[in-house]
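Novice: Okay, handing you the structure first.
The values are calculated or read from the model by the stated rules, or taken from the named source; none is laboratory data. Note that the structure is predicted; figures quoted are calculated from it, not measured. Quick reminder, even Gly has a Cβ in these numbers, built from the backbone with ideal geometry, and neighbours come from all protein chains shown. Accessible surface is based on the protein model in full, side chains and every heavy atom, while ligands, DNA and RNA are left aside. Shrake-Rupley method; radii C 1.70, N 1.55, O 1.52, S 1.80 Å.
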Amino acid sequence: MIKKLNPNHLKRLLNNECDVIVYQEGLSEEGEPLTSLDLKNQKCRFVEKTKVIISSEGKKVELIGKVILLEDIAPNIKKISGGEVIVNNSKYEIYQASRPRNPDGTVYMTTLELM
């Protein structure tokens, strides 16, 4: 039998604070990205691990690390495709996001890969 993951096991690993800004599609009249989510002082786990990948467009992308946050940070947003994360006074861009699910369909964490 598959059990639901208990988020209390992950809470002890959340040792950093971060600010997350998620952009939505399109630009404002001034040419700036439109913000759909702005979270301040979120408890997170920041894992620094440099990895170089080739994107679908054939460009070389260097991933700096990833941020792990409990639960679904953006339940109303279907696809997190861009944004910024500020951890330890450093600003990173979001390359991609994933939201693994429990067997009952609930999201137990959000992972943001950073470049």
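Novice: Quick one: would you say residue 79 is touching a Phe, Trp or Tyr at 6+ places or on another chain (Cβ under 9 Å), under 17 Å from residue 99 (Cα atoms) and of a type in the set (Lys, Arg)?
Specialist: no
Novice: Restricting to the range 72-84, name every residue that is in contact (Cβ under 8 Å) with a residue 40 or more places away in the chain and within 11 Å of the chain's Cα centre (by Cα).
Specialist: Residues satisfying the conditions are 73, 74, 80, 81, 82, 83, 84.
Novice: Given the conditions (1) under 20 Å from residue 25 (Cβ atoms); (2) in contact (Cβ under 8 Å) with a residue 40 or more places away in the chain; (3) out of contact with any Lys or Arg (no Cβ under 6 Å at 6 or more places or on another chain); (4) not small (Gly, Ala, Ser), which single one is not true for residue 62?
Specialist: (1) is the only condition that residue 62 fails.
Novice: Then there is this: Can you pull out the residues in the range 44-88 that are among the hydrophobic types (A, V, I, L, M, F, W, C) and in contact with a Pro (Cβ under 9 Å, 6 or more places away or on another chain)?
Specialist: 70
Novice: Condition (residue is touching a Lys or Arg at 6+ places or on another chain (Cβ under 8 Å), open to solvent by 50 Å² or more (accessible area, probe 1.4 Å) and not in a strand (DSSP E or B)) applied to the range 86-103: is it met by at least one residue?
Specialist: Scanning the range 86-103 turns up at least one residue that is touching a Lys or Arg at 6+ places or on another chain (Cβ under 8 Å), open to solvent by 50 Å² or more (accessible area, probe 1.4 Å) and not in a strand (DSSP E or B).
Novice: Additional query: I want to confirm something. Restricting to the range 60-85 and keeping residues that are at pLDDT 90 or above and of a type outside the set (Val, Ile, Thr), which single residue is surrounded by the fewest Cβ atoms within 10 Å (Cβ to Cβ)?
Specialist: In this case the residue turns out to be 60.
Novice: Sticking with this one: Please go through the range 25-42 and give me each residue that is in a strand (DSSP E or B), exposed (fewer than 14 other Cβ atoms within 10 Å of the Cβ) and of a type outside the set (Ser, Thr, Tyr), ordered by number.
Specialist: Step one: of the range 25-42, the residues in a strand (DSSP E or B) are 25-27, 33-42.
Filter again for exposed (fewer than 14 other Cβ atoms within 10 Å of the Cβ), leaving 25-27, 34-35, 38, 40-41.
Listed by number, the residues that qualify are 25, 26, 27, 34, 38, 40, 41.
Novice: Now a separate question. Starting from residues that are under 18 Å from residue 46 (Cα atoms) and open to solvent by 40 Å² or more (accessible area, probe 1.4 Å), keep the ones in the range 104-113 and report whichever is farthest from the chain's Cα centre (by Cα).
Specialist: Applying the filter and picking the extreme gives 108.
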